[in-house]
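So the structure is just underneath, and the comments pick up after that.
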Amino acid sequence: MSNTSDIRIILLAWASWARQQDGLGFKSPSKMLINSAPEVDSCDYGVGARYDKDLFISDEKALIIDRIIGILLKAHPIDGHCLVLRYVNGKYPKQIAQDYLTEIKYGKNSQRTVSEYVAVRHIAAGEGFVSGFIANL
């Protein structure tokens, strides 16, 4: 990969593909029609659609990324879950830190919280893992 924006575009396309899967190995034409209307978000890396429904990834490439994410989740589960929460679930790093990482580090209902920068580091580590794996294919 030439830079981090390349892997982010690939991951956004994969996440859009992953959200559209109905578990039966094919996409419903009516669901695709409903999902084709673009949504607008005020920031370019925010929650929700960033016109990501317009991003295209073939099923073959998406399945490769899906396998890489599976390997990441086994090798580095926290990085993998942060990456999935960010791209598939559209969570902001601050939300990932508060809702996911804080519970891991300090336990449920803790007064302490993990910084969003920790979530950003885990997301970046996941992006780097995927990027490195793709580069070695």
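The values are calculated or read from the model by the stated rules, or taken from the named source; none is laboratory data. Nothing here was measured: the structure is a model prediction, and the numbers come from that model. For neighbour counting, all protein chains shown are included, and Cβ atoms are generated from backbone atoms with ideal geometry for every residue, glycine included. Please note that ligands, DNA and RNA were not included when accessible areas were found on the heavy atoms of the full protein model with its side chains. Shrake-Rupley method; radii C 1.70, N 1.55, O 1.52, S 1.80 Å.
If you go through segment 44-52 one residue at a time, do you hit one that is at pLDDT below 95, closer than 20 Å to D6 by Cβ and assigned to a helix (DSSP H, G or I)? Yes: one or more hits. Of the residues making up segment 62-91, those that are among the hydrophobic types (A, V, I, L, M, F, W, C), more than 17 Å from A13 (Cβ to Cβ) and open to solvent by 20 Å² or more (accessible area, probe 1.4 Å) number 5.
At least 3 residues that are open to solvent by less than 40 Å² (accessible area, probe 1.4 Å) and on the phi > 0 side of the Ramachandran plot in each: list the helices (runs of 4 or more DSSP H) lying fully within segment 92-137 that qualify. Give the steps one after another, and end with the answer.
Details: elements: 93-96, 102-106, 116-135.
Once the helices (runs of 4 or more DSSP H) in segment 92-137 are filtered for at least 3 residues that are open to solvent by less than 40 Å² (accessible area, probe 1.4 Å) and on the phi > 0 side of the Ramachandran plot, nothing remains.
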